[in-house]
Structure formats: C-alpha cells, structure tokens
Amino acid sequence: MDLILPNDVLLLIGEQLEQRADRRNLVFVSHHFHNLFLPLVYRKASIYHWQNANSFLHALLQRPALARAVRELDITDWHARSVSEDECNEIRTSASLVAWLGAVSCSTLESDQWAQSLGQGLADAWIALILPLLSQLRKLSLAYTSKSPYLDQIMQRAVDCKQPFSDQPAFRHLREVSLHHREDLDHSEHLESGTQLSSTLLLSFFQLPSVRAIAANSVVDPSSTREPTDYEKPRLAFSSITDIDFRASSGNYGMEILVSSCAELKSFKYQHSDSHILSHGYQPSAFHRSLIHSKKSLQILWLDHYGSHYPFTAAGLNQSHDECFGSLVEFTALKEVRVRLPNLLDIRYQNEPTVPLMECLPPSLETLYIEGCEERYLGMLVSQLQSVVKIRQTHFPRLKRVDIEGAFQNIPSDDDGQVASSESELPAVIKDKIYQAAEPLHIDCVNAGLELHLHDRALSHI
C-alpha cells in the first residue's frame, strides 16, 4: 500500500534539504511534486549572468506565484557575458518582457533605453527589472557598479511609491541588504573622469522602513568634498536600520548623514580605505560625533578593522588616522569594541595616554579587541589593561575577554642566525618576548576569570 503524506509534511521534508540541487531534483519526480516544490526551489535564488536573469524574469512573469515565493536573492557573483545579435533581437521582441518594461517605465523613451541596456547584458538593467516583482523578498545580496542608473531609479521610485510601486508599498518584508561594488563590471561608457560611487542606491535602502541590516563596500561618505554647513547637509528621514557594516570605505565626516538617521542603531562596523579619490583620510573624531546620537542603543562598535591608510590623501599629508576617537563612557549599551590602539588612547605625542584606559570604557563592556598595537606600546597597554582588570568587579562586571593584535610575529633574520632556507622555512610565530611582556596581564586575567588572546594578523592560525 502506498504511503501518501500531506503536502505540509512533504514541504517540511523538502525544507530540510540544504542543497539547492537536491530541492530542484524533487521538481522532476512527478507533476504533483513539480507544482508543490517549485516555489521552494525559488525561495533562495542566485543569478550569475544575463541569461540566468532572462530565464528567471520570464518564469516570474509567467507564474506570479513564483515571484511571491522568492525570499532571498543573491546577485553578487554576476559574470558579464556577451549578447549575440540574435539573442538581442529575442530580448527586444519578447512580448512578456516588452509588456513588463512598459509597466515599469514612465515613458517610451525610457523603455527603449532600458531594452537597449538589456540587449547589452548589463547587470544593472536586468536586476532593476526583476526587483519590483519580488514583493516577499527578505534578504538581498546585490552586485552594483560605479554607475547603476536603473537600480538607482527603481529604488528611488520604491521609496517614493511611484510606478511600478504605486499600488502598494515596496519591499515591505526586506530586512537584510548587502551591496557589493564590482569594478570589473564597470563599463567605460557609463563613467566619467574621477567618478565616485553614487550614494543614491545606498540612501534608498536607508529609507525603506522594513530594512534592519545593511552591509556595503566602497562607500564614500554622501557629503560634499568640503565640510558642509548644517544648512547644506542632506537629511534622511527616520531609518529603521539597526546594523551597519561598511567595508573598504571612506567616511570623511563620520557617515553622519546615514548614522544620525538611525534612531536605534545597535551595531556599527567600519573599515577605512584611502583608495577612494575623495578620501581625506580616516578621521575617528568625526565618527564619535556621528555615533554619539546612538550612545544609548549601540552595542557593537568596530572601527577601522584592518583598514588601509596612505601617507598622503587628496587632502594632503595623512595625519588624522592616529587621532583618538574619544571616550566610550557615554555609550551605556556597548558590549563589544574593536578599535585601533591609537584611536582608543591618545598616545600620538607621548608614551602614556592623557586619559587612562579605565576612564575611557563603559561599564557595559563584555569584549575588548585592540588592534594595531606597536611593540613599543605593549608594556604601556599591558599596564593600562591591568588597571582595568583590577577594578573589573566594581566597574566592568560584564567584561569577559580581551584581545591584543599587533605586528608581533617572529621574523628570522641574519642577526639571530635563523635565516629560513627555501627548502625548510621556519614557521612564523609570535615572539617569545611578546608573551613575556603580556604574562603579568595574563596572570591577572586568569585570576579574574577573563580570557586574554594575542594576535598577529599575518598569522591566521594564532
């Protein structure tokens, strides 16, 4: 006798299959399984090139239920592919695609230009045409270029509730957004000399009320190249975003326009890069001014995690990257801090900090990760941390872990007679004298029930 399981049970079984290929195989078992599991296959979709996008778009247009099934969309691994003349003609003459272009566009001219970009296989055009169909989208991982006119346009229309979003609010369920800038997808015909990344796309996601977390790389502070006055600063309405992660970015003015719009910011991670044309160098104090708006809600703060700094920037000699961020005492909800030593303590012009470490940390702190400790400052830092550990029970009762990172590895040299040969290289390890210098702190941490870890970024196994 055949065992017939209810559809709900079958779907629960299908959801346990982690591999997308396994889920896709279910579709070919029977007609019943095809109709039942096809939406499950579309729940997490990945698009890799214009041909994928073309097939995906036509499937959504023919079966709207599939569009409603999509919860996650990943377009970060897009590969540029050429479009033959015959394929281009097929794109331009597709009845369903032409009809959808008409529904999305505001004019015949715009529709024609859009169709032309589709025929060139441009990611920007294809992605922007797909997004309005995904009303149930929860998570979006998006590749974008220095100029993404169609994505900028479609997202601004979503914010303004304009066509094709005039009937209902757009992206009502979207919570996580990742934006990945891809220089390899840039097209010279869309770029001008000195072009910087457009902030239009990023700002749009900050204005969607459902979005909670946003990650992006190559973000340039959406401010003018000079310090704007309060009157000149563009303003964002209230943003519901609670988690921000900017990598390889340049925040000349502390990303204030973005950060100050977040009423309940809980996590802020920032990695600086001086590679951007408009970068004026890392300015920690600017981030203190921006983040002070979130002093009661911020729980995680990573500042300049393994950032890159040039001796000179567009503003001239790069002198601000080692300035002190400022006191963290006012950040009363802060649990995790990851910061460079010169930004944590003011030691630019002296060996001892002007303000002791124990007077810079909030009592809510649980984890402290200090990066960029030069060997000459290790003794000072160990002493400062010992003072923190001694008053832990009364001042920092939640502190559980301390990490110190610096250029600590032992590199054999001619002087010590340990030159590594090409045949048998000696493994790189943290110097014994680093461990010796940190031993008093290690003993204090063990006695206080704290974890202490030493790191060298070049030694991933340490």
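Rounded, prolate or oblate: which one fits segment 302-419, using the alpha carbon gyration tensor with axes a ≥ b ≥ c (rounded when a/c is under 1.5, else prolate when a/b beats b/c, else oblate)? Please report the intermediate quantities before stating the final value.
Details: a/c = 2.04, a/b = 1.33, b/c = 1.54.
Oblate is the answer for segment 302-419, as a/c is 1.5 or above yet b/c matches or exceeds a/b.
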Discussion item. Can you give me the accessible area per residue for segment 88-145, using a 1.4 Å probe, in Å²?
Written reply: 36
Worksheet entry | Too-long pairs where the Cα-Cα distance tops 25 Å, listed order kept, from LYS390/LYS431; LYS296/LYS400; LYS162/LYS266; LYS44/LYS147; LYS44/LYS335 | LYS390/LYS431; LYS162/LYS266; LYS44/LYS147; LYS44/LYS335
Practice prompt. Determine ³J(HN,Hα), in whole Hz, for all residues of segment 273-285 in sequence, where each value follows from phi through the Karplus function 6.51 cos²θ - 1.76 cosθ + 1.60 and θ = phi - 60°; x replaces Gly and Pro.
Written response: 9, 8, 6, 7, 4, 8, 5, 9, x, 6, 10, x, 4
Fill in: Note, ³J(HN,Hα) from phi for segment 439-444, Karplus 6.51, -1.76, 1.60, rounded to Hz, x at Gly and Pro
4, x, 5, 4, 4, 4
Response to the item:
Taking placed amide H atoms and a strict 5 Å upper bound, the residues 5 or more places from ALA314 or on another chain that come that close are SER279
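Which of the peptides 211-221, 395-405, 440-450 is most tightly packed, and how do the rest follow, judged by the mean count of other Cβ atoms within 10 Å per residue? Let's see the in-between values first.
Details: 211-221: 20.5, 395-405: 17.4, 440-450: 15.5.
Per-residue mean Cβ counts within 10 Å order the peptides as 211-221, 395-405, 440-450.
The values are calculated or read from the model by the stated rules, or taken from the named source; none is laboratory data. Small disclaimer: the values here were computed from a predicted structure and weren't measured. Don't worry about glycine lacking a Cβ; one is built from the backbone with ideal geometry, like all the others, and counts go over all protein chains shown. In case anyone asks, the SASA skips ligands and DNA or RNA and just uses the protein heavy atoms, side chains included. Shrake-Rupley method; radii C 1.70, N 1.55, O 1.52, S 1.80 Å.
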